[in-house]
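One structure is given below, encoded as structure tokens.
The values are calculated or read from the model by the stated rules, or taken from the named source; none is laboratory data. Just so it is clear, the structure is predicted and the values come from calculations on it, not from any experiment. Using ideal geometry, Cβ is built from the backbone for each residue, glycine included, and neighbour counts are taken over all protein chains shown.
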Ligand SMILES: O=C(O)CCC(=O)C(=O)O
Ligand SMILES: [Fe+2]
């Protein structure tokens, strides 16, 4: 009887999610965790509104990084492949299976990295707020998961996967104005994220699209204050597909919009490198293989 009542309630929520309020979940809603985990299970993707991170903090962080990307000194921070921390110049990454580089430059900031000189600690504040929120959301995901994700002989529970992880990274991205011929490249070609979950505060411009279950590209609205959450391949693997990773891309703008930079800041929540994601595969081995595939190693 209990299961029946629960199922009816759950289906009402799913109905609300897909028919009335497409994939949006209000963090303050009493049923937020149920809605959130259900949409992630169905589509690997959710938009969180009314969450704890102030739009001003995000906007001011973008402003500081716009300044960084506009100075030649950024090259002093160029990353070393074995560390993967620092500045990644324009056209350094291409999506897995794609032979053309993306039209972006970015900076990778880990908990143990250094900020470029002269920057305030606002980015660190945002980093810690995002990690805190990501940890809470992963807790929701774990609680709503089938037993395999709550710990088994092979796989530890999700909250243990991220304990003391040094691999979580904030990627600050700049997509420059398209004042040149893109030669078949796009801002970010279709890909899936490598990590467990990604938290993506709304970018400064539209362009993000996700591939829905029918294989159609859907533009993701870009409202300041929204936080996009998607599942990455590591969680898809560890959950044996219960949480599917979402294919997404960033398309090239046309007209006036092409003359503007676009900034975005995904936080990639990673497990500790020794964590076993699936039989015989550690997070470290998995990540190394993927970094080679996208040209960063
Ligand atoms: O810029 C965006 O909106 C998305 C970036 C992204 O998908 C990535 O860097 O993995
Ligand atoms: Fe991505």
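The number of residues in segment 169-202 that are at pLDDT 95 or above, buried (at least 17 other Cβ atoms within 10 Å of the Cβ) and either away from ligand 1 (no atom under 14 Å from the Cβ) or under 21 Å from residue 60 (Cβ atoms) (or both) comes to 11.
The set of residues in segment 203-226 being buried (at least 21 other Cβ atoms within 10 Å of the Cβ) and part of a strand (DSSP E or B) consists of 208 alone.
Selection within segment 227-252: residues that are in a loop (DSSP other than H, G, I, E, B), within 12 Å of ligand 1 (Cβ to nearest atom) and over 11 Å from the mean Cα position of the chain (by Cα). The member of this set that is surrounded by the most Cβ atoms within 10 Å (Cβ to Cβ) is 247.
The sole residue among 114, 160 that is in contact with a strand residue (DSSP E or B) (Cβ under 9 Å, 6 or more places away or on another chain) and surrounded by fewer than 16 Cβ atoms within 10 Å (Cβ to Cβ) is 114. None of 109, 103 is under 20 Å from the mean Cα position of the chain (by Cα), part of a loop (DSSP other than H, G, I, E, B) and buried (at least 19 other Cβ atoms within 10 Å of the Cβ) except 103.
I'd like the residue in segment 258-282 that is assigned to a strand (DSSP E or B) and within 11 Å of ligand 1 (Cβ to nearest atom) and, out of all such residues, is surrounded by the fewest Cβ atoms within 10 Å (Cβ to Cβ). Please lay out each step first, then the result.
Residues of segment 258-282 that are assigned to a strand (DSSP E or B), as a first pass: 262-264, 267-269, 276-278, 281-282.
After this cut, where a residue has to be within 11 Å of ligand 1 (Cβ to nearest atom) as well, the list is 262-264, 267-268.
Working: 262: 23, 263: 19, 264: 25, 267: 25, 268: 21.
Filtering segment 258-282 for residues that are assigned to a strand (DSSP E or B) and within 11 Å of ligand 1 (Cβ to nearest atom), the one surrounded by the fewest Cβ atoms within 10 Å (Cβ to Cβ) comes out as 263.
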